[in-house]
Amino acid sequence: MVLVCGEPCEKQTCPTCAPDNTRSQVVDFIMQSSLSDVDLGGNDLDSRLITLECGHVFTVETLDGICELASYYLKHNDQWSQLAQVPEGLQKHPLCPLCRTPVKSKRYGRILKRVDLDMSELNVANKCRSTLRQVSEQVSAFNADDKAVRKMERELRDLPWDAFTMSDVDTASVGHDTTLRDEQLPVTSARFGPQIKDLHHLPEAIASAWGNAVRRVLRAYDQACAVASTTSAHVRVWEAAVATLHHSYMAEPHQFEGTSPLFTVEDTALKKARKACGIPSTPKADQRFRVEACWTTIHIRFLLVQAAQGISDHLRRKGLDALVRTRWADFIAYILTSIQRDAALTLEIAEKSRSYRQVAKTTVLIMEAEFLSFSHRIGRQRNGVLLKEFKPEAKVAYRTARDQKTSQANRYRLFMAQNNANEEWLVRNFIQPAQAVIDKWADLIEQLRKGIVYTEVTDQEKRDVLKAFMSGFLGFNTRGHFYQCPNGHVYVITECGGAMVESTCPECGCAIGGRSHQLNNTNRRAMDFENLARGQGLADSPFEWGRGA
């Protein structure tokens, strides 16, 4: 009997000495021949025998088929002659057809190592998926307009005035350490925590209060960063294999003499190493979670911007030094810059992975970040005449956003299969969000034309408005007083809350109010205020027209 070279001899089964039940076992699934039928004098490789760890015996030809050897090696003149590019997707462990025990044989080492790598990859993927789900839950619990802002305002409210003064060092210009050129992806959370005292030269009282307010959400940010930096088993093995082969090829550079003058010897050796390891380009399986983790950090930074803008209003109301407020506005601009930078790098990763859904969703984040950054710039400008100077730039940005929406949608349709599921995904996850950003640009351009820019009212500001109506002469104690005109401008009906007079909206001129406790059918309740009123303990309206508030 001729054995297969490399297999442990002591574990192989002798067809002559084997018991009858073993000799009757089918070892060749193609010819349906048993162990007793094996030609002991034959030298054909396909008819040689391998005994698996489970004790069952099969011919090489049968095990080659079970393990799909042809997917990993190429034949020439009926001989296995070279490596094939490994198959894509998750590979399952080949099993013994009789007892379903995993096949273990040195002949199939490349296949079994690939399976082990896939299992490691799957474990990493499950861990990343679980971590991102936990982070998403933590982020959802973080109410930027509510808890963080109110917590920080409470800390700042009772501090003495000198706690906000700027020292001579603080009044110096902000140094180069706020640049993002050499930062990792995503930007480290240290850039957005209490360290802003040194990075942006802010008073310690403000930096400390900010750090306490956002501590929990920054912990979630760090978890997402850990996922973004995770390197899969496939990538580590691929890098090690390519490096080893490249090193061996470079030890004999004469073999590349006469190759194309367009490539250096090192480039040619690297290309050959990639081809020899069976995977010509970097495995991209881990890029999905890296992109999703980067998205998560960007969403967290959007929340930080929202919270920081709420604090900015508090600093203005407190009447702090203009330099303090300027530095705080610079900090907000810095967060927005980090978002734009990381979103652009994330888009590059998605592009290289050819993940067109990730490309589409990342493009929306870029569009949103560009709008918020521009809005922040003009929000710092209080002069109506100067505001109009931003209008040409806003028009260019509006057209760019429109072009981005059209080009990315067309590109998605070009590369993705044309079916209802893909089209619905595109509308829900790209076209609608992108159009919402475009609409914001259109509204902003109109406001710039008038020389007036309206900033979005925060929940805390709405809560302050509500408290003003709950106290004093009006003393609201029930819901059902807040309404909106067709364009969303909020107005209040006092006393019973029912509409008795028609008027026009002072903002847009649309009809508001109504007659005989019947609201104009183009108007609707301002449910954001009504929901806040419910949270403040205001009772249900006793009147029919107040129901549903």
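The values are calculated or read from the model by the stated rules, or taken from the named source; none is laboratory data. Predicted model, so just to flag it, every value in this text is computed and none were measured. Methodologically, a virtual Cβ is constructed for each residue, glycine included, from the backbone with ideal geometry; neighbour enumeration extends over all protein chains shown. Surface areas here come from the heavy atoms of the whole protein model, side chains and all, with no ligands, DNA or RNA. Shrake-Rupley method; radii C 1.70, N 1.55, O 1.52, S 1.80 Å.
To keep it simple, each residue is scored yes or no on (1) touching a Cys at 6+ places or on another chain (Cβ under 6 Å); (2) assigned to a loop (DSSP other than H, G, I, E, B); (3) crowded, with 18+ Cβ neighbours inside 10 Å.
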residue	(1), (2), (3)
LYS75	no, no, no
SER81	no, no, no
PRO87	no, yes, no
LYS92	no, yes, no
PRO97	no, yes, no
ARG100	no, yes, no
TYR108	yes, no, yes
ILE111	yes, no, yes
ASP116	no, no, no
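The C-beta contact set for the stretch 410-424 (first residue within 13 Å of GLN358 (Cα to Cα), second residue among the aliphatic types (A, V, I, L, M) and modelled with pLDDT of 90 or more, distance under 9 angstrom, 6+ apart or interchain) comprises ARG411/VAL359; ARG411/ALA360; TYR412/VAL359; TYR412/ALA360; TYR412/LEU426; MET416/LEU426. For residues that are part of a helix (DSSP H, G or I) and open to solvent by 60 Å² or more (accessible area, probe 1.4 Å), scanning just the stretch 448-463, find the one that is modelled with the highest pLDDT. In this case the residue turns out to be ARG449.
Can you say whether GLN25 is touching a residue at least 24 places away in the same chain (Cβ under 8 Å), open to solvent by less than 90 Å² (accessible area, probe 1.4 Å) and not hydroxyl-bearing (Ser, Thr, Tyr), as far as the supplied structure shows? It is true that GLN25 is touching a residue at least 24 places away in the same chain (Cβ under 8 Å), open to solvent by less than 90 Å² (accessible area, probe 1.4 Å) and not hydroxyl-bearing (Ser, Thr, Tyr).
I'd like the residue in the stretch 515-533 that is within 21 Å of THR504 (Cβ to Cβ) and among the charged types (D, E, K, R) and, out of all such residues, is farthest from the chain's Cα centre (by Cα). In this case the residue turns out to be ARG515.
So that you can scan it fast, the table gives a plain yes or no per residue for (1) at positive phi; (2) modelled with pLDDT of 90 or more; (3) in contact with a helix residue (DSSP H, G or I) (Cβ under 6 Å, 6 or more places away or on another chain); (4) part of a loop (DSSP other than H, G, I, E, B):
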residue: TYR483; (1), (2), (3), (4): no, yes, no, no
residue: ASN487; (1), (2), (3), (4): no, no, no, yes
residue: CYS496; (1), (2), (3), (4): no, no, no, yes
residue: MET500; (1), (2), (3), (4): no, yes, no, yes
residue: SER503; (1), (2), (3), (4): no, yes, no, no
residue: PRO506; (1), (2), (3), (4): no, no, no, yes
residue: GLY509; (1), (2), (3), (4): yes, no, no, yes
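When ALA343 is tested against (1) surrounded by 21 or more Cβ atoms within 10 Å (Cβ to Cβ); (2) within 19 Å of the chain's Cα centre (by Cα); (3) within 25 Å of LEU448 (Cα to Cα), exactly one condition is not met: (3). Candidates GLU257, GLU252, GLU239: the one that is open to solvent by 70 Å² or more (accessible area, probe 1.4 Å) and either in contact with an Asp or Glu (Cβ under 7 Å, 6 or more places away or on another chain) or at pLDDT below 80 (or both) is GLU257.
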